[in-house]
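S.K.: Take this structure first; my questions come after.
The values are calculated or read from the model by the stated rules, or taken from the named source; none is laboratory data. As the structure is a computational prediction, the values presented were derived from the model and not from experiment. As a convention, Cβ positions derive from the backbone with ideal geometry for all residues, glycine included, and neighbour counts pool all protein chains shown. Remember, those area values only see protein heavy atoms, side chains included, never the ligands or the DNA or RNA. Shrake-Rupley method; radii C 1.70, N 1.55, O 1.52, S 1.80 Å.
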Amino acid sequence: MTLTQNPLNNIEAIWRNELVNNILPFWNAAIDTENGGVYTCFSNDGSALLSHDKYIWSQGRFLWNWSRQAYLIEQGYLDGDAKSYIDQAKLTADFLDKNALLENGNCCFVLTENGNKKERMNGESYDLSFYADCFVVMGFCEYAYVSGEHYYFEKALSLYDTIKNRLKSGSVKSEPYPAAEGFEPYAFEMIVLGITNELLRYAIKYNHSSLTHLKFACTHSLNRIFSDFHHPKSLMPFEMRTSKMNQHTLLASHVTPGHTLENMWFCIQAAQLLGTLESYLPRIITITKQMWAIGWDKEHAGLFRYTSRLGSKPSGSLLGNDRYENLVLDTWDTKIWWVHSEALYTLLLTYQLSGDKTLLSMYQQTEAYVLATFPNDEFGEWTQIRNRFGQPLNKVIALPVKDPFHIMRNLQLIVQLIGIKEENS
């Protein structure tokens, strides 16, 4: 292996090892080689597969991961057989194309392992969450980008249009934690920016006819993040956009450090694609530092899942009987896998772009906590859900799955960011 002269080489080696020797083997063993897709309904520690159901949310994400892995191998960032990854990715893309899309153009929420549509509860509709559709867009788009199979970009673009139309009409469903009436979640615009980035990246590479439209949509979404979901002076995020009469509620006053940190690298990616990074980077760096400092548990280390804007337990008047509100109260001080993997990548990315040593220090504290807390030596992968003290919790977060997405994606992005390439023999 030839190493470039890069002070982050040691960091890259840590996460390359974690990706190649821990994360990938676990998910390789979970692949459905017959039908396509991956089994994800594992216990939190990964010791038991509890169901063969396939949640489309996770299947679309897995398609992105496996396609990106093929890309990294093709580009020389990692060793391996790119063809085996892209072949399995195609099987998953075909599985989703054949089974996940409903007559109304939306995506089913959950399928059986063979691809039959399944109601989560008797009498419910099949299309429960536009987030599932968003992750199918991401998966289709990354697969098309890597494979050159343009059919799947067209499918992604068509599904993207239905998502935008649903959001515009206000008829969007967002299980498992629907938005309360009168509240617009930060996560809505964040996921729109994320999938627009994916589409724009493809359109630039292949000079697609949608390029101008997607640049406009990306610019609009990026600007809206800062104009509508961050305070113009303090840059503090508004986790829920709502009227003045709701400002004292818990929903309006809490923050989600992990999501905001994740969205900062979405914003960097968007600005890079648009050629406007210089105008956004100072705000992104300020927000990144601010959210890490607010979210960091100064007593026990690690990042809280939710906090007040002061970094304490979320508080405020309650709507009552709201699922998301109950989630915030019940899990605010838990230490969640995806929050930490997103923080690792965002802190490294902003440090590399700015050279700001404060960001490097934040990264180093996060790295130490992650390595001491999450990797599971007994069953592989990470024990994803832990309490404030780092002890495992047998809880369900969002979906009853052990999701492959965040850890694998962030480690793949770190490997690509630092840019050490394997010499092809």
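S.K.: Can you give me the orientation-averaged projected area of the convex hull built on the Cα atoms of the stretch 236-355, in nm²?
M.R.: So the Cα hull casts an average projection of 8.2 nm².
S.K.: For H230, which sequence-distant residues (separation of 5 or more, or a different chain) have an amide H within less than 5 Å of its own amide H, given hydrogens modelled in the peptide plane?
M.R.: Amide H neighbours of H230, under 5 Å, 5+ apart: F238.
S.K.: For the chain, what does -39500 (n - 2.57) per DSSP helix run (n ≥ 4), summed and divided by total residues, give at 222 nm, in deg cm²/dmol to the nearest 500?
M.R.: Taking each H run of at least 4 residues, the total per residue is -17500 deg cm²/dmol.
S.K.: Count the net charge of all other residues whose Cβ sits under 10 Å from the Cβ of H52, scoring Lys and Arg as +1 and Asp and Glu as -1.
M.R.: -2
S.K.: Taking H as built 1.01 Å from N, whose amide H comes closer than 5 Å to the amide H of W382, not counting residues under 5 places away?
M.R.: HN-HN under 5 Å from W382: N376.
S.K.: So, counting K/R as plus one and D/E as minus one, what does the shell of residues with Cβ under 14 Å around I225 add up to?
M.R.: -2
S.K.: Using the Cα gyration tensor of the stretch 73-216, with a ≥ b ≥ c the square roots of its eigenvalues, what is the shape: rounded (a/c below 1.5), prolate (a/b larger than b/c) or oblate (neither)?
M.R.: oblate
S.K.: Using 0.36 nm per residue of separation minus the Cα-Cα distance, give me the extension gain between L49 and L102 in nm, one decimal.
M.R.: The L49-L102 span can extend by a further 16.3 nm.
S.K.: Using the Karplus curve 6.51 cos²θ - 1.76 cosθ + 1.60 with θ = phi - 60°, what ³J(HN,Hα) values do you get for each residue of the stretch 9-15, in whole Hz, with x for Gly and Pro?
M.R.: 4, 5, 5, 4, 5, 4, 7
S.K.: What is the percent of Cα-Cα separations in the stretch 288-425 that go past 20 Å?
M.R.: In whole percent, the long-distance tail amounts to 52.
S.K.: May I pose another question? For the ranges 12-19, 310-317, what's the packing order if you count other beta-carbon atoms within 10 Å of each residue, average per peptide, and put the highest first?
M.R.: 12-19, 310-317
S.K.: Rank-order 235-246, 325-336 by packing density, defined as the average count of other C-beta atoms within 10 Å over each peptide's residues, highest first.
M.R.: The peptides rank, most packed first, as 325-336, 235-246.
S.K.: For the stretch 154-230 and the stretch 73-88, compute the distance between their C-alpha centroids and round to whole Å.
M.R.: Taking the Cα centre of the stretch 73-88 as reference, the centre of the stretch 154-230 is 30 Å away.
S.K.: Now a separate question. A293 versus S361, label points 7 Å from Cα toward the beta carbon: distance in nm?
M.R.: Modelled inter-label distance: 1.1 nm.
S.K.: Now a separate question. Residues with amide H under 5 Å of Y55's amide H, sequence separation 5 or more or different chain, H placed in the peptide plane at 1.01 Å from N; which?
M.R.: HN-HN under 5 Å from Y55: L111.
S.K.: Under a crude label model (7 Å from the Cα following the beta-carbon direction), how far is N321 from Q272 in nanometres?
M.R.: Simple spin-label model gives 4.7 nm for this pair.
S.K.: Given a 1.4 Å probe and every protein chain left where it sits, what share in percent of the accessible area of the stretch 257-313 is carbon and sulfur?
M.R.: 55
S.K.: Counting only protein heavy atoms and a 1.4 Å probe, tell me what percentage of the stretch 146-207's accessible area is made up of carbon and sulfur.
M.R.: 50
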